[in-house]
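Structure record follows, encoded as structure tokens.
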Amino acid sequence: METAQAAEGHTGKANGIGAYLAKHLREYGLLFALIAIMAFFQIVTDGTLLRPVNITNLFLQNSYIIIMALGMLVVIVSGNIDLSVGSVMGFIGALAAVMIVELDLPVYMTIPACLIVGMGIGAAQGYFVAYWKIPSFIVTLAGMLVFRGLSLWLLEGQSVGPFPKSFQLLSTGFIPDIFGIGRPNGTALAAGLVAVALIIWLGVRDRTHNRRYGMELEPPAFFFVRNVIVAGALLFIAYKLSTFRGLPNVLISMVLLTVIYAFVTENTTLGRRIYALGGNEKAAKLSGIKTERLTFLAFINMGMLAALAGLIFAARLNTATPKAGFAVELDVIAAVFIGGASMSGGVGKIVGAVVGAFIMGVMNNGMSIMGIGIDYQQVIKGLVLLAAVFFDVYNKQKQG
Amino acid sequence: MTPLLEMRSITKTFPGVKALDAVNLSVAEGEIHALVGENGAGKSTLMKVLSGVYPAGSYDGEIHYDGHLASFGGIKDSESVGIIIIHQELALVPLLSIAENLFLGNECARNGVVNWRETFQRTEGLLRKVGLAETPSTLVDSLGVGKQQLVEIAKALSKDVRLLILDEPTAALSESDSQALLDLLLELKAHGVTSIIISHKLNEVRRIADSVTVIRDGAVISTMDARTEDITEDRIVRDMVGRDMAHRYPARQRRAGEPLMEVRNWNVWHPEHSDRQVIRNANLTVRAGEVVGIAGLMGSGRTELAMSIFGRSYGRNISGEVLMRGKPVDVSTVDRAIGAGLAYVTEDRKSLGLILDETIERNITLANLPAVSGRGVISEARETQVAEKYREAMNIRTPSVFQKVVNLSGGNQQKVVLSKWLFAGPDVLILDEPTRGIDVGAKFEIYNIINELSAEGKGVIMISSEMPEMLGMCDRIYVMNEGALVGEMPAEEASQERIMSLIVRV
């Protein structure tokens, strides 16, 4: 039996590119799906999708979903779910509005206070999930109702705004051109180049490491093509942004957060333990991992990110409305599952969740430009989610 | 008397193992027939063949029941002729009532509409028969194990049982509940019900059985008739364990040093039934370089003892003291227990030992991630080196350490679990059934690893249901029964007979 398995492993290598692609279909599939969807909408919208102003809008519109998807990925990998993020996001937006607009508190105090409240909300929900073993679905369903109600109460059913300029910068500000060129924006171009250089450097470094330890290597052609596509896309976007107003502030926070979360989940003991917790909670516990504390932390983190998303969302709309964040949790959860996370926990990647969020975002945006009604939009989004997960399950069955 | 049941020359093979080898079993109508043997001897397999869990065609041999050649395709077939099996793990739905459980899948219903009046009436009748004074609407959840056992029997009666098979029915019962159950079996016998009872408790066997069949290593060793001869417990024990000890164990040097770990006055209560004491006042010592065995039957509390010591992973209201090198240590959480120098290799590697969908590498480093990381950041290079080191040292057969463990064979999975715990650097390893479900070759490798560990001065506690393995590997053996350590002996004085008699005579 052992020899049979060993042989299987070897033939997997011997078949080369075909086998490699079959095994990693999911990862490439996601990237190509995003590209295909963008190409499709680019064509059917007569080039509107990739206009500089629309690309800028895409980032602004989806920033809060992507930021919450980072936290949601962690929660889902740990084997839980958080249905309350939309309500929490709305509640924090309302809280910020009340603090700034009605109580005249300064922005520099309000932002940290709101983040702390978000963490507190996460802690409260995480406490019941982690230490009382109440299913997260139930706890956060309760949270969803509670915070939806609390934002209505805070705002007394009214919209509260507008915000001062300094608060709006959270979302609608742009990084000035440090090179003084103006248009095209030098900072945006430089940032694009730096990002490309970093990605290629990291890719090459990984490859040398993998070769040294005899890990499965991506076929060179794949490595090359994939990097060319990613680099090309980044430079293209950087260029487009530079011809409009440059880099939005929120894009910077998004990229920074994505990098940090990708690093923490993939390279630290903390991240590894979260995957272990989701993969097999009992085995993780018997390996000395403090599973309760990790679950607790995952929810605190989620609360903080939901609060940040709420601030960004309120800043973008320049007002807090009782409707803010309504049903957003579903978009966030869908993004994470489209990105390849598993409902049972232990599987999923930050980059996947971000790409998943972009897929949802591009579809929303593209369909709106096309003038497709909200009715069909929902249907199509639902089907895409189902298709993505079906693709996962189907692949797994074929391999298993 | 004509036999109600005759199993002729039953042979059942699993891949690589002959579980039953030409077994003959004859049960006369109206008798109580006891089936005894060690864990893994083949008793349960034989009963699964009889009840159709292993359908006709998946084994060789013939089953004659009630004068006809029977071929059961499933449990439904055997139940339809009155053969009912009650398993050790009761198959009741806890949050349904007694009445609902009795008629589950067999409801008194017309066109899918349940007739509750009839259900309750018939339930009352059945409960009276088994002597259970509960109302039919009582939730099964609220009954103790003994009463649940009676509900199972009532359920069997509702199906017009002729041949009742009970798999260790008294294993989880208190003394008085056991007596009540045995009385019930005698009463059923008076009403013409034939029973086969699988039991380890020889005093019970002697009390109620009309005949006894001893199975060992998948073959019938002896059949005794209590009506014509005197069956002594000694004779049963001898037949149960009397196999020759082949050279299946590597030679080991005895070099017990200073006491490494001591457990004092350890008491543990059941996590759910707070009135049930699972471990009673256990005391044990492990010396440096010593392999200490804990012998006992399944359910005797060995795993519970080990897991309760290892970070209170089992039970509640735990009291007692653990000392390492003479100093009391805190073992109240798993990471503290690891810190104190303990490691526990679980008996259930798939659900408690491994993250099956993760790689070999990541499983090996899981219990000691700080050793492959700096300031919380994992060094992939160091991690891979560690994994490669253990792959070589433990001879884990795999194309690469990046293989998922789900793809490995049982023996190799076990080596991954062992690697994980060796990498955690313990002083004392508790190995719970370390060779369960793995092939002979891999077993020998694991024995060698155990010997190497003790040669390095580590202490090893080995829990095993295979007595020859205990005798072949251990320096000293504790015997556990019903949560208490009932005996202790050096290996040279130990024998299977001595251990078994300590267990069965309590």
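Remark: pairs (first residue in segment B:79-104, in the same structural domain as residue B:143 (by TED's automatic domain parsing); second residue basic (Lys, Arg); Cβ separation under 6 Å; 6+ apart in sequence or on different chains) = B:79/B:159; B:82/B:162; B:84/B:159; B:102/B:155.
Tell me the residue from B:65, B:54 that is farther than 19 Å from residue B:27 by Cα and surrounded by 15 or more Cβ atoms within 10 Å (Cβ to Cβ), please. Before you say what the answer is, go through the steps one by one.
Details: B:65 fails: farther than 19 Å from residue B:27 by Cα.
B:54 is the lone residue from the list that is farther than 19 Å from residue B:27 by Cα and surrounded by 15 or more Cβ atoms within 10 Å (Cβ to Cβ).
The residues listed here are A:352, A:348, A:325; of these, the one that is among the small types (Gly, Ala, Ser) and outside any loop (DSSP other than H, G, I, E, B) is A:352. Selection of first residues in segment A:134-155 that are farther than 22 Å from residue A:321 by Cβ and of second residues that are open to solvent by 50 Å² or more (accessible area, probe 1.4 Å), restricted to Cβ pairs under 6 Å at least 6 apart or on distinct chains, gives the following pairs, ordered by first then second residue: A:134/A:128; A:139/A:128.
Here the condition is being part of a helix (DSSP H, G or I), within 14 Å of chain B (Cβ to nearest Cβ), of a type in the set (Gly, Ala, Ser) and closer than 29 Å to residue A:196 by Cβ; of A:335, A:284, A:262, it holds for A:262 alone. Scanning segment A:179-224 for residues that are open to solvent by 80 Å² or more (accessible area, probe 1.4 Å) and in contact with a Pro (Cβ under 8 Å, 6 or more places away or on another chain) turns up nothing. Among the numbered conditions (1) surrounded by fewer than 23 Cβ atoms within 10 Å (Cβ to Cβ); (2) in the same structural domain as residue B:396 (by TED's automatic domain parsing); (3) of a type in the set (Asp, Glu), the only one that residue B:321 does not meet is (2).
Just one of (1) of a type in the set (Gly, Ala, Ser); (2) free of Cβ contacts under 8 Å to residues at least 60 places away in the same chain; (3) under 23 Å from residue A:70 (Cβ atoms) trips up residue A:171, so point out which. Only one criterion in (1) of a type in the set (Gly, Ala, Ser); (2) free of Cβ contacts under 8 Å to residues at least 60 places away in the same chain; (3) under 23 Å from residue A:70 (Cβ atoms) is unmet by residue A:171, namely (2).
To keep it simple, each residue is scored yes or no on (1) more than 30 Å from the chain's Cα centre (by Cα); (2) farther than 30 Å from residue B:500 by Cβ; (3) in the same structural domain as residue B:201 (by TED's automatic domain parsing).
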residue	(1), (2), (3)
B:295	no, no, no
B:310	no, no, no
B:315	no, no, no
B:326	yes, yes, no
B:331	no, yes, no
B:335	no, yes, no
B:347	no, no, no
B:373	yes, yes, no
B:385	yes, yes, no
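Could we say that residue A:241 is more than 30 Å from residue B:354 (Cα to Cα) and surrounded by fewer than 17 Cβ atoms within 10 Å (Cβ to Cβ) here? Break it down into steps so the answer makes sense when it comes.
Details: more than 30 Å from residue B:354 (Cα to Cα): yes; surrounded by fewer than 17 Cβ atoms within 10 Å (Cβ to Cβ): no.
Here the answer is no, as residue A:241 does not meet what is asked.
On the stretch given as segment A:100-112, residues that are crowded, with 19+ Cβ neighbours inside 10 Å and free of Cβ contacts under 8 Å to residues at least 40 places away in the same chain total 0.
Okay, residues lined up against (1) open to solvent by 30 Å² or more (accessible area, probe 1.4 Å); (2) more than 7 Å from chain A (Cβ to nearest Cβ); (3) not basic (Lys, Arg):
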site	(1), (2), (3)
B:385	yes, yes, yes
B:394	no, yes, yes
B:409	no, no, yes
B:419	no, yes, yes
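Conditions tested, residue by residue: (1) of a type in the set (D, E, K, R); (2) part of a strand (DSSP E or B).
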| residue | (1), (2) |
| --- | --- |
| B:227 | yes, no |
| B:239 | yes, no |
| B:274 | no, no |
| B:294 | no, yes |
| B:298 | no, no |
| B:306 | no, no |
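Within segment B:449-476, the set of residues being of a type in the set (Ser, Thr, Tyr) and in a helix (DSSP H, G or I) comprises just one member, B:454. Scanning segment B:345-356 finds one or more residues that are open to solvent by less than 10 Å² (accessible area, probe 1.4 Å), at the interface with another protein chain (Cβ under 7 Å from one of its Cβ atoms) and polar (S, T, N, Q). Can you say whether residue A:372 is within 23 Å of residue A:38 (Cβ to Cβ), surrounded by fewer than 21 Cβ atoms within 10 Å (Cβ to Cβ) and among the β-branched types (Val, Ile, Thr), as far as the supplied structure shows? For residue A:372, the condition - within 23 Å of residue A:38 (Cβ to Cβ), surrounded by fewer than 21 Cβ atoms within 10 Å (Cβ to Cβ) and among the β-branched types (Val, Ile, Thr) - is met.
Out of B:372, B:334, which single residue is among the aliphatic types (A, V, I, L, M) and either within 7 Å of chain A (Cβ to nearest Cβ) or within 26 Å of residue B:263 (Cβ to Cβ) (or both)?
Working: B:372 fails: either within 7 Å of chain A (Cβ to nearest Cβ) or within 26 Å of residue B:263 (Cβ to Cβ) (or both).
Only one candidate qualifies: B:334.
Give the residues of segment B:97-117 that are assigned to a helix (DSSP H, G or I) and open to solvent by less than 70 Å² (accessible area, probe 1.4 Å), sorted by residue number.
Within segment B:97-117, the first condition is being assigned to a helix (DSSP H, G or I), and the residues that meet it are B:98-102, B:116-117.
Once the filter is applied, which keeps residues that are assigned to a helix (DSSP H, G or I) and open to solvent by less than 70 Å² (accessible area, probe 1.4 Å), segment B:97-117 yields B:98, B:99, B:100, B:101, B:102.
The values are calculated or read from the model by the stated rules, or taken from the named source; none is laboratory data. Since the structure is predicted, the reported quantities are computational estimates derived from the model, not experimental observations. Neighbour counts are summed over all protein chains in view; Cβ atoms, including those assigned to glycine, are modelled from backbone coordinates with ideal geometry. We work out accessible area using only protein heavy atoms, side chains counted, and drop any ligands, DNA or RNA first. Shrake-Rupley method; radii C 1.70, N 1.55, O 1.52, S 1.80 Å.
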